[in-house]
Structures are given as C-alpha cells and as structure tokens.
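Participant: Below is the structure I would like to discuss, written out as structure tokens.
Read-outs throughout are calculated quantities, based only on the coordinates presented, and are distinct from any laboratory measurement. Because the structure is a prediction, the values reported are computed rather than measured. Cβ atoms come from the backbone with ideal geometry, glycine included; neighbour counts cover every protein chain shown.
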Amino acid sequence: MTKILITEFINQESLNNLKNKFDVKYDEKLWENNKKLEEIIKDYDGLIVRNKTKVNLNILENASSLKFIGRLGVGLDNIDTENCKVKNIHVQPATGMNADSVAEYVLSSSMSLVKKIPMFHSGTVKGEWPRTTIKSAEINQKCLGVIGFGTIGKKVAEYALKNKLTVLAYDPYFAELNKKEIKIELSNLKEILEKSDIISLHLPLTEETKNLINKSTFSQMKNKPIIINTSRGSIINENDLIDAYHNDLISGFALDVFENEPIKSEFYKKISSDMNCILTPHISGVTTESNIRVSDFIVKKTTEFFNQ
Ligand SMILES: NC(=O)c1ccc[n+]([C@@H]2O[C@H](COP(=O)([O-])OP(=O)(O)OC[C@H]3O[C@@H](n4cnc5c(N)ncnc54)[C@H](O)[C@@H]3O)[C@@H](O)[C@H]2O)c1
C-alpha cells in the first residue's frame, strides 16, 4: 500500500479521507525533528508538509521512494524544489486555497491601521481616553499599491475594489491584464511607492525580492503609507521599517511574516504598544475555512497523483 507521511497539522476529516486510501503516518510535531525525518523518509512514497518542515537536500537524498510532496499552503521556500525536479519528485502547492483568508487579513488590517485602532485601543486600556488626540481616516478612495500580482495579489485587489479603494499593481512577470476581469492599473514600483496610501506585498522570497523594501524605497514613499506584509519576512528590511516608522515616512504596518519565525526579542523589543502596528504569527492564510480547503485540496491531489 502507498505510504504517506504528514509532518504538520492537517484538517481531521481530510486526514480520515486520506487514511481510507493510503497507509498514513501523521505526526504534526515531526517538523521539529529533521534528524528523525531524515531516518524515516526512505519508507514513504508521499510527504505532506506546511511551511515549517525543511525539505532540504539531506531529506531528499534519503527519500529513495518519494514521488510526491503536497504543500498545505503555497510558498515553496521550505522545499528544495530544484533537487525535487532532479529527483523527479512532484511538488504540489495548494494554490489559491488560502487566498481569501489572506485577502481578508489585508483588508481588515488596512482598515484597522488607517483608523488607528491599535493606538486607540492602547490609549483606552491605559485609561487615557484618546478621543481627540489621535486622528484617524477612512480607506474609502485611498490608493492601495499591490506588489506581486499573482494569486493572492489579484484576490486582494478584488477585495479592495469592493471596498472602494483604487488599486495600482506592480509585477514585472505579469503579462497582460483583462480590464473586463479586474479594474485596476498596472504600474511600476516607483509610482506605487509615490502614490499609495497602503502598500501590500504578495511576492515569493527570491534573491531579487530579498530586502526589496528598504531604506531607499521607504524614502520614496510620499503618502506616509501603511505597509502590509503577508508574503515572506525578508522581503522587507525590518530595521529599515522601524526607522521609517519613527522617521514618519510610513504611518503604520501589519506584519504576518518575519525574517526569523518565531520572532526574536531583538525585533519585538523595538515594538511598543503605542505604535500603529499589528504583528501576527504567520496566520493570515490560516483560518478554519482555509484549513479545510487546503487540506481537502492536497488530499484530492495526492489521491489523483497516486491514482487511487
Ligand atoms: N502569511 C501567510 O499565511 C501566507 C499565505 C499564503 C501565501 N503566502 C505568501 O504570499 C506570497 C504570494 O503568494 P501567491 O500565492 O500569490 O504567489 P504567486 O506565485 O501566485 O504570485 C506571486 C507573484 O509575485 C510576482 N513577482 C515575482 N517577483 C517579483 C518582483 N520582483 N516584483 C514584483 N512581483 C514579483 C510573480 O510574478 C507572481 O505573479 C508568497 O510569498 C506566499 O508564500 C503567505
């Protein structure tokens, strides 16, 4: 019987369906023990992971039977995809299955930060009643700059248009826009930095995108935008972001992803409760609903791949 190993959490009902078809070992903590994974991977035909399992060359060199890797999510930076190709291992992300969840995060954090909810909350729980001392605004008619116009960038644009924002998008690899499909303007990075009131990042982490948002790009932002990062941590230089906030180049930020996860104290010690910011532990794509969609999708793809 085809053997499948799962090293991170999966929706229980989807797991039960998988167990009806395959010999499944489920250990949601196994991602913490790469040595053990290296030892046992040789026995498995399929592997299902989220973003914490490091599927590196050591794992792949021991994976003599492995033909399929299912990713319960979309970013593939924890998987050595080049060597998977060499070894003819099919890598299957759950493309689009958590896009609504991320888009809701981007819109809700945009509204919250433009309205300065974190600062009102902080002042109120300190007993300060900052009703007139903090000035807030509305997102209606504000300009959202989307950097990276793939699956999630497009979904975010769709949500933003429904909430009466205007949208600019930058993606050098995006070929053409069907204007009937979505009413946004394709733009360049300079224009996005200069015109946006909110900037949201939806890129993969590559050599090209690492530190894309840095001291120089912050200095080109003219509207003191809100910065939102749900993509990958190192795309924003975190030290430059904190400096940009204190130098009044941006008016707030929401970070769901970080250079180091869990975040290190050197970073969170720079955050104080009176700042207009939201920090979350890489959860923008994870909701009850998206977990079901993502898990069901990967179970379906695993089943199709092994033709069960
Ligand atoms: N925080 C979370 O829970 C969560 C959930 C889902 C996805 N993500 C992350 O969000 C990001 C986007 O995911 P997706 O599914 O939309 O990916 P995608 O591959 O569909 O889209 C990424 C887009 O970025 C574009 N791009 C690449 N390099 C670029 C550059 N230098 N400048 C501008 N655009 C560039 C690509 O052309 C592509 O269109 C990924 O990093 C993914 O890992 C995070």
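Participant: For the range 99-279, max minus min Cα coordinate along each principal axis, in Å, sorted largest first?
Facilitator: 52, 34, 29
Participant: Continuing with the same structure: Using a Förster distance of 30 angstrom, determine the FRET efficiency expected from the C-beta separation of residue 91 and residue 161, and round it to 0.05. Write out the running numbers ahead of the final one.
Facilitator: Working: r = 33 Å, r/R0 = 1.09.
Between residue 91 and residue 161 the formula returns 0.40.
Participant: Taking amide hydrogens as modeled 1.01 Å from N in the peptide plane, which residues meet the under 5 Å criterion relative to residue 145, leaving out close sequence neighbours?
Facilitator: Residues meeting the criterion, in which the H sits 1.01 Å from N, are 168, 197, 198, 199, 200.
Participant: Now for a different question. Apply 1/(1 + (r/R0)^6) to the Cβ-Cβ distance of residue 224 and residue 56, taking R0 = 51 Å, and write down the FRET efficiency to the nearest 0.05.
Facilitator: On the way: r = 41 Å, r/R0 = 0.81.
Between residue 224 and residue 56 the formula returns 0.80.
Participant: What stretch of the chain, leaving out the sites themselves, is the longest with no chymotrypsin sites (Phe, Trp or Tyr not before Pro) in a DSSP loop having at most 15 other Cβ atoms within 10 Å?
Facilitator: Excluding the exposed sites themselves, the longest stretch runs over 1-172.
Participant: Scan the chain and note any complete DSSP helix (H) whose C-alpha atoms cover at least 15 Å along its axis and whose Kyte-Doolittle average is -1.0 or more. Walk me through the intermediate numbers first.
Facilitator: On the way: long enough: 99-114 (22 Å, 0.84); 151-162 (17 Å, -0.12); 288-305 (26 Å, -0.39).
Helices meeting the criterion: 99-114, 151-162, 288-305.
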